[in-house]
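A short write-up of the structure that comes next.
The values are calculated or read from the model by the stated rules, or taken from the named source; none is laboratory data. Predicted, not measured: the structure shown is a model, and the values here were computed from it. Using ideal geometry, Cβ is built from the backbone for each residue, glycine included, and neighbour counts are taken over all protein chains shown. Ligands, DNA and RNA are stripped out before the accessible areas are found, and what is left, the full protein with its side chains, is counted by its heavy atoms. Shrake-Rupley method; radii C 1.70, N 1.55, O 1.52, S 1.80 Å.
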4 protein chains.
Amino acid sequence: MTSLSLVTAGAPAVDWDAAAGQVAEALRADAAARDHAGLAPRRELELLRASGLLALLNPPAHGGGGGSFGDAFRAVRRIARVDTSVAQLLSYHYLHLINALWRAGAGQGEQLSRASVSGRWFWGGASNPRDPESQLTADGPDFRLNGRKTFASNASLADRITLRAQIGGGFAVLTVPGDRAGVTHGNDWDAFGQRLTESGTIAFDNVRIGRGEILGEAEPGSAAPLSPRVSLVVPLHQLLIVNFYVGTAEGALAEANAYLRSTARPWQASGVSEARQDPYVLEHYGELDVQARAAAALADVAGAALEGAIARGHDLTVPERHAAAAAIYAAKVQSSRAALDITSRIFELMGARATATSYGFDRFWRNIRTHTLHDPVFYKAREVGNYALNGTITATPLYS
Amino acid sequence: MTSLSLVTAGAPAVDWDAAAGQVAEALRADAAARDHAGLAPRRELELLRASGLLALLNPPAHGGGGGSFGDAFRAVRRIARVDTSVAQLLSYHYLHLINALWRAGAGQGEQLSRASVSGRWFWGGASNPRDPESQLTADGPDFRLNGRKTFASNASLADRITLRAQIGGGFAVLTVPGDRAGVTHGNDWDAFGQRLTESGTIAFDNVRIGRGEILGEAEPGSAAPLSPRVSLVVPLHQLLIVNFYVGTAEGALAEANAYLRSTARPWQASGVSEARQDPYVLEHYGELDVQARAAAALADVAGAALEGAIARGHDLTVPERHAAAAAIYAAKVQSSRAALDITSRIFELMGARATATSYGFDRFWRNIRTHTLHDPVFYKAREVGNYALNGTITATPLYS
Amino acid sequence: MTSLSLVTAGAPAVDWDAAAGQVAEALRADAAARDHAGLAPRRELELLRASGLLALLNPPAHGGGGGSFGDAFRAVRRIARVDTSVAQLLSYHYLHLINALWRAGAGQGEQLSRASVSGRWFWGGASNPRDPESQLTADGPDFRLNGRKTFASNASLADRITLRAQIGGGFAVLTVPGDRAGVTHGNDWDAFGQRLTESGTIAFDNVRIGRGEILGEAEPGSAAPLSPRVSLVVPLHQLLIVNFYVGTAEGALAEANAYLRSTARPWQASGVSEARQDPYVLEHYGELDVQARAAAALADVAGAALEGAIARGHDLTVPERHAAAAAIYAAKVQSSRAALDITSRIFELMGARATATSYGFDRFWRNIRTHTLHDPVFYKAREVGNYALNGTITATPLYS
Amino acid sequence: MTSLSLVTAGAPAVDWDAAAGQVAEALRADAAARDHAGLAPRRELELLRASGLLALLNPPAHGGGGGSFGDAFRAVRRIARVDTSVAQLLSYHYLHLINALWRAGAGQGEQLSRASVSGRWFWGGASNPRDPESQLTADGPDFRLNGRKTFASNASLADRITLRAQIGGGFAVLTVPGDRAGVTHGNDWDAFGQRLTESGTIAFDNVRIGRGEILGEAEPGSAAPLSPRVSLVVPLHQLLIVNFYVGTAEGALAEANAYLRSTARPWQASGVSEARQDPYVLEHYGELDVQARAAAALADVAGAALEGAIARGHDLTVPERHAAAAAIYAAKVQSSRAALDITSRIFELMGARATATSYGFDRFWRNIRTHTLHDPVFYKAREVGNYALNGTITATPLYS
């Protein structure tokens, strides 16, 4: 992993593809070794900071990069070709930043966005809906936060954590600095994949929360109407995920391609002198490539749909939201399947020697197998069918 | 099947989607009955003529519609949702027209194009490379054509037939009116699918061919360099096919959707009151919908690639041609698989009563099963792999 | 279709495989033509009668063949290789005969069995649980039957129909001659597959039913305990089905094999001189063959499980019943998938000319697609999972 | 891992299933931890020794267990449910022992067999045909062996190594003690799966080989006719492999089953209170279970075919050998696919928390992914097709 000089995000006409490409190249050389070591991704995070990618989505007026969501998706995909963990870090950063900005009151949002850019903040979250809800209680003019969450992606390294907590009969969404007193990080992420993410547990013990850290202008816990845009947070999250699945699939194929061209030996019964001329290698590589192309194409279609929905602003209707969501969940199904299939089947093309731990080629499958369990793919297929047959999407807390 | 008033193709700003939609609607009501009857598609052809779609690709300067290839692909796809046979008729018309125009000498092309528009010509072909080559021999200033071809798509109804024949040590491509003396149509198409196409045999017995009917300015049979554009004829053909596969898949899904919403009964063990709420119906419909979406997305990506390649004109390079071809063959693999899977599996969602012959829902599978045998799908997967691993596409006569 | 001299079923040591083989051979020559004609299978039924197969399961003491259920399964499978309709006729005959015999009181059963053998009865049924229940009402010493059922397999040609009817708060199962006054056959079977079965509607208008035609000794409609063996009727039905799916898959593969060896042409790009040397033909034929072998192996495993469960007689426990049922439903899932895949994909090996209607090769897919909708395959997969995870099988009326 | 008291192999009526079950139970508790540690399987080998399983196939007359090949396959399968590495050790032991005994001259074989039983020998091999051939050269009355082989399964721990070497224009097969001077073990096995096997490199530097260590009575390197039985060594090898694939698939499913019953949480949108009641969990578990059942059934069918072929002894014909081989390769295709699919997809049923390294559930996929690359599965599908279409099996050195 090499280091990067700082990209000044606010500068005009940033070439985000180039910036993401530089990060990817810096990550490539020791990707297998870093996965094997499984250390907290501090150096990787510095690389993201230096690249300017953290501020890609912030408006130029706030000093941000002014990139589009399409730029963000492409950056995530590009990095995932080399390191799915780092792509996840960047994805969840975008998610938790945007979730905060979209929920914030007008002035609050600008202030957070400016601070995020100038402080080069890295964002995390702690809202796993399958755990008991965190509790927010009034404490004089302030509030106190208590709770414990698993799968708190990015949180242990985050400058700012976006989270949801119960207050009274309702919910509030708030942000809190990662090092606020009473916030404890378990540092206990120990899955067989996405090893360089920090997706462990977090505990909030009587953490003080200022009123200004609660997002939005409504009374905390009130059932204030949300902007239509906020209804796109979950689809946005899912599409960021889709993009790192697509990138992972593409990256695994690219490794197989390089190995087949440089190292693989033809099978004895093949009658050809190079593995890449074997009729079955050609056919099955082609089959996998079609899957990867389909995943990328559906991710792009979904990206355009989501950007269109976001552009609708306050005019976004529920049917429009559902149409965009269905496009995204279709891409989720395809990219999950494609990535799982590709990361497992490339070995059939490369042969037995490609299982050497020095290559670390199994990390692609381990990464994608781990993260594709975020929410069950058959429930996403269900929603695609639900949209087609019933014109709607099931409201599952924070998943669709 | 209802009739259409004539669209004047040359008129400005033709809405081709609307024109194709009108044809599709006119074909919808009796699609199953027409498939069952299996008559020669004379009335269907009149519908195409009246719609103006036959001249979609001809330049406005020739009185043509001036539509783009994208318009043509969308028209084919739209019609295939209702009637894959008619979509094939239109596809092969475009293929054989464009093959003639791209190979023609400058004046010859304009003349053919103008005549085609004003005469509302319907084009066919007779070049199946798996049959023995037709033979062209000099006969004074003229030539004589002899041969016999199977799978002569459109030919028996065509005003003009484009074909390839051997002369000397080389080949010539020529056009001949469908009713020229010595041309005999077998009218023997008898497959279980695509029943309304006319894809039977054709025989040429000493058919007189004028010099002006031989396309291009070079000596017939000479190895004159072809324009780069001509190298795109096969990919164009394949992408027209892809689009009627995509439309067929979409049409089958749409029928299943309508049936599920109107007619299907919930399964006893489902615990729901409507079939379209069955968790397995939702999941599997979703899976099929993802496949259809992926096929459409890849067809669109391939369409953009092909239009880009065509736009390169004489500057088109071999690698650029191969890149466009690979995108098209990837779409071919995906659309073949998706259409076969969808047209067979929709019945699992609709249930046993959907097999009644009155619905004719099996025609979708019979149509797609028949035409997807045009060339083996595993050889297309092979070419996708070949492009990815070796940067090339195998030159198979008239198939890739 | 050739005719058969009569096999005397009661004779010792009947070679049932040979008998079924003779029926299959007699059916082979004009299988495609008979499917195309779609006539009521009267001649086919005579063939079954002459073969002795109708009495295969009846005990020798009753003049029957004394064959095992394994013999019956093999006979069904063998015939399905050539004609899935006729295999269905024989399967449903066995089902409705055995259902009657297992439910009958002791003397009643022997009487029915003897009459069935001597009269060479062909059995049918009329119990589709998805239709409203038929009603049985007392009428003096007799009863009256009213109702209407769809998918009344075999009934219109049957000497004896087994059916279920509601009486009071319960149900009775009874048999009635097919020509009893008040029984009307719709003769309206019109699906695109299994065209030679007679699976149309049946109506019962005040049909007189004698007490002796109600099966069993309990009061009609009483909740009398059934013998454990009766709980195996549905699994038996499903395994008969499995066996004709397996036979259909094997038959389709055999046709493809013969065509590949005799008629198919090698693909141009294959570089081989015979289609059956094409690397992709070999691979994909092999894949299909593996599926067929797996389906046959699971059908055999399930057959042994069912025969074991039947042999347990009154000692059969619920867990034993469920274990046998799970083995059968696993075979149902595999054979459904295999048969659908094989009957569709064989064309990819044979090529475009194999779609000629003269071959009629599409009948394999049409047959299997039609009958595999009898009950949804995903619900059978569900039961396999249910047994593995929860040790039970969902009681769905007449389906599991 | 607990220890076992010694089973005296030669004792009458050994219950091999029980013996294998005891080994499996002893391996179960720390299977994940042992995989993680990745130490040489010395303790595991002692467990096999103590179980008596190493002598299962040796005749009672030699002090051996007198078990059948079916017993051996079941033992391998049973152990693979818990530890695929140890199942591989046992499989390759049987392979290399039997290869030696079948090739040995009469007295030589008995001597080797007796010595193997009494010395509780563990057998390995060093014949990877994709490496350059080892060379055997005469050296007075003795011979010298030189060469280097990769994937020398079991060799580094083996008491006796069976290997093939070139001599003159032909080959000899010989056995050599694992600790003979000049034999060097690389101890460099470092794949991401089958971590507890010792499948690294081996080098032979001028290793002295006595005439009696060369198997068979013919002149070393002569083209002496082999016994028909020897033609079954490769199919036997493949079927041993099949059985540990089947066991791995079954073991992974069993782990998922236990996890689903004890630990997994229902998905929020499922509407059920237990994960094992989720309709999609039931369906997909069922699908995987069907695959595992099919793999086991085909392995059993193939086992019976192989035992039948072995029983034919010197009368075994080439077509009989091919029929048995085709049954085995069909089982290989099915078990490879089933095991890969099951070991990857179980996570979709268990959910994200099942990726914790403490469970080590990914080892099933890593193990099966690694060993299924032994030879390409599409070449096995090809041979199944080859047998069906051409009645033959391609002779690929040591692979079919």
Rounded to 10°, Cα long-axis angle of helix B:233-262 versus longest principal axis of chain B: 20 degrees
Counting only protein heavy atoms and rolling a 1.4 Å probe, how much accessible area do A and D lose on contact, total for both sides, in Å² to 100? 4600 Å²
Once you've got the GNM for chain A with C-alpha springs shorter than 10 Å, pick whichever of A:258, A:294, A:305 has the biggest mean-square fluctuation. A:258
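Whole number in Å², please: accessible area per residue of the protein assembly as shown, 1.4 Å probe, ligands, DNA and RNA not counted.
Values: 53080 Å² over 1600 residues.
Averaged over the residues of the protein assembly as shown, the accessible area is 33 Å².
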Inter-copy distances for residue A:60, label 7 Å out on the Cα-Cβ vector, sorted ascending, nm, one decimal, are 3.6, 9.2, 9.7
Taking the Cα centre of each part, how many Å lie between segment A:99-158 and segment B:229-293? 42 Å
Could you state the orientation-averaged shadow area of the convex hull built on the Cα atoms of the protein assembly as shown, in nm² to one decimal? 63.5 nm²
Rounded to the nearest 10 degrees, what's the angle between the helix C:279-311 long axis and the longest principal axis of chain C, both from Cα atoms, 0 to 90? 20 degrees
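Can you show me the helix-derived [θ] at 222 nm for chain C, built from DSSP H runs with n ≥ 4 at -39,500 (n - 2.57) apiece and divided by the number of residues, rounded to the nearest 500.
Values: 11 runs with 195 residues, N = 400.
After summing the helix terms and dividing by residue count, I get -16500 deg cm²/dmol.
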Using the 7 Å Cα-to-Cβ label point, sort the distances from residue D:230 to its equivalents in the other copies shortest first and give them in nm to one decimal. 6.1, 6.5, 8.0
How tilted is helix C:69-80 with respect to the longest principal axis of chain C? Cα atoms for both, answer in degrees (0 to 90, nearest 10). 50 degrees
When the accessible area of chain C is computed with all protein chains present and a 1.4 Å probe, what percentage of it is carbon and sulfur? 52 percent
Tell me the net charge near residue A:103. Cut-off is 15 Å between Cβ atoms, residue A:103 excluded, with +1 for each Lys or Arg and -1 for each Asp or Glu. 0
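Give, as a single signed number, the net charge of other residues whose beta carbon lies under 11 Å from the beta carbon of residue D:55, with Lys and Arg counted +1 and Asp and Glu -1.
Working: positive: D:49, D:114, D:120; negative: none.
Every neighbour counted, the sum reads +3.
Taking a threshold of 28 Å on the Cα-Cα distance, which of the pairs A:149/A:380; C:380/D:380; A:149/C:380; B:149/B:332 fall above it? The partial results should precede the final answer.
Numbers: A:149/A:380 24 Å; C:380/D:380 30 Å; A:149/C:380 39 Å; B:149/B:332 25 Å.
From A:149/A:380; C:380/D:380; A:149/C:380; B:149/B:332, over 28 Å: C:380/D:380; A:149/C:380.
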When each copy gets a label point 7 Å from Cα toward the beta-carbon at residue B:133, what are the spacings between them in nm, shortest first? 4.6, 7.7, 7.9
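With the cut-off at 26 Å, report for chain A the share of all Cα pairs above it, as a whole percent.
Values: 42839 of 79800 pairs.
The share of Cα pairs beyond 26 Å in chain A comes to 54 percent.
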Comparing each residue of segment D:288-331 in the complete protein assembly with the chain by itself (heavy atoms, probe 1.4 Å, ligands and nucleic acids ignored), those losing at least 50 Å² of accessible area are D:290, D:293, D:298
Distance between the C-alpha centers of segment A:296-342 and segment D:350-400? Whole Å please. 35 Å
Calculate the length of the line joining the C-alpha centroid of segment D:211-226 to that of segment D:72-91, in whole Å. 32 Å
